[in-house]
Amino acid sequence: MNDRVPAITGMGVISSLASSLEGHWQRVLQRATGIRELGGEDLPRALRYAGRVNDDALPPDTPADVLKQGRLISPGSRLGLRAVDEAVRASGLEVSKIAPERKALYIGAADYSKAGYRDFYAAFREAGVVADRAPDAERVNRATLHAVDPFFLLEGLTNNLVAFASRRYQLQGPNTTLASHSPCGAQALELAARSVLQQQADVAIVIGSCVWSPFVSLFDLDALGLLSQCREGASSFRPFDARRDGFIAGDGAAALVLEPLGQARARNAPVHGCIQGLASFTDGGDTASLGGSVETVRRALTTALDEAGIRPKELAFISPHGSGTRKGDRVELSAIAELLNGDRALLPISGMKPYTGHMGAASDIAEIALALTAVKNGLVPATPNFRTPDVGFEEIEVVTEHRRVAARHVLSMSQGLGGQSMAIVVSAEPDAS
């Protein structure tokens, strides 16, 4: 295997389910979920459930200069810093000994914690703002001067996390922040992997973070027709099931540390897996529709597998996007059916989002961390809440109970609004050859 192949030496995950990767794995084994009812009896049921993270404290050893600016760090960035702290610790890498310009940072971020900023609402009420007439500018300015945190804009910047993570670990090499829903986490991972493969960096850190639980952002997702109506509470999130009606959103973050495989082996680092193949396509579709066409999704799958040099029958399982939307899931099932070329029982699929709620860009990366952990433990994780196969896809096996598996390759999929499709092949415990 090429010494520049991107090896994953550190992984970290935080969500409503658990605050560490090991904690997540134990909870997955228990078939648990972090989705809870938020309250708000006057709200529609679709807005009353989410995988909310209530503890966004910074890591305990956060440097004093970062803590000093703590009021500028958004909730999503706090979660991201927690996840990357776990990943770096797990890697055993002395990051400070790597030249700053040889360390890359790529982030997929979606932080809506400032949507519907409440301090403004309170200030507008104090100023007597009403909907049917122009506000008194002087009264509004006077009220907001004392009620609104002047740093709210900095806290809400999309690239908030890249500033603090790069400062925390002196990451001064290639970097960017992709701000969107899925699949920008997977796309950030592609950029990080290629920076290692193309010798632009000796270490690349990738982080996905998302805060989707604020009611205003849930309202927007529901208006797009993406949320489940939660008629069966937290168990309403059921990817690929014939009864599905959308997803339940969640907060969270995940991080991976990538190094060239040769470098990782030279320092006897823990190698959880390698990035073997990547593909990203878009069909320029309907911006309000989740996922691309069947052809676009299938092209992503076959391209990633071709780059990895792996055939479908060599996979342990497929980890699809599994958003639980009517169209999105059906497109994925159709593309998988075409990939398997009629032998639909060839390998199982596992939809993992109901464990945590859909965490946007964070789910892309968290599911790869969980998939590698699953394969290391010889298991295919069950898909929570799945009961009834979709019409026409009865032969595709959606795993409903944890199952033993010996293969070590996983195909991970991610779909996004506007026809985006991403596929990544990861392989656990690479051969020494």
Taking neighbour counts of Cβ atoms within 10 Å as a proxy for exposure, in what order, fewest first, do K376, K103, K68 appear?
-> K68, K376, K103
For the stretch 100-106, in residue order, the Karplus 3J(HN,Hα) values (coefficients 6.51, -1.76, 1.60; θ = phi - 60°; whole Hz; Gly and Pro = x) are x, 6, 9, 10, 9, 9, 10
Distance between Cα centroids, the stretch 22-46 to the stretch 237-256: provide it in whole Å.
-> 11 Å
³J(HN,Hα), Karplus 6.51/-1.76/1.60, whole Hz, each residue of the stretch 184-201, x for Gly, Pro = 5, x, 5, 5, 5, 5, 4, 4, 5, 5, 6, 5, 6, 4, 8, 6, 7, 8
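Report, to two decimal places, the Cα Rg of the stretch 165-288 normalised by 2.2 N^0.38 Å (N = number of residues).
Ratio of Rg to 2.2 N^0.38 Å for the stretch 165-288: 1.34.
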Share of antiparallel DSSP beta bridges in the chain, in percent to the nearest 5?
-> 65 percent
Would you pull out the residues with amide H under 5 Å of V203's amide H, same chain only if 5 or more places away, H placed 1.01 Å from N?
-> A104
Whole-Hz couplings from phi, Karplus 6.51/-1.76/1.60, listed for the stretch 249-265; x for Gly and Pro = 6, x, 9, x, 8, 8, 9, 10, 9, 10, 9, x, 4, x, 5, 4, 5
Quick one: which of K114/K327; K103/K353; K97/K376; K313/K353; K327/K353; K97/K353 span more than 26 angstrom between C-alpha atoms?
-> K114/K327; K103/K353; K97/K376; K97/K353
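By average Cβ neighbour count within 10 Å, what is the ranking of 20-30, 185-195, 150-160, 405-415 from highest down?
Per-residue mean Cβ counts within 10 Å order the peptides as 185-195, 405-415, 20-30, 150-160.
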Footprinting exposure proxy for F240, F120 (fewest neighbouring C-beta atoms within 10 Å first) = F120, F240
What is the Cα centroid distance between the stretch 163-231 and the stretch 377-433, reported in whole angstrom?
-> 21 Å
Take peptides 135-145, 31-41 and line them up by average Cβ neighbours within 10 Å, highest first, as a rough protection proxy.
-> 31-41, 135-145
Whole-number Å³ per residue for the convex hull built on Cα positions in the stretch 362-433 | 140 Å³
Taking N as the number of residues in the chain, the ratio of its alpha carbon radius of gyration to 2.2 N^0.38 Å works out to 0.97
How do 323-333, 354-364, 56-66 rank on mean C-beta neighbours within 10 Å, highest first?
-> 354-364, 323-333, 56-66
Ranked from fewest to most other Cβ atoms within 10 Å of their own Cβ, V95, V211 fall in the order V95, V211
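Bear in mind that the values in this text are calculations on the coordinates, not laboratory data. All figures in this text were calculated on a predicted structure; none of them were measured in a lab. Heads up, the Cβs are rebuilt from the backbone with ideal geometry, glycines too, and the neighbour counts pull from every protein chain shown.
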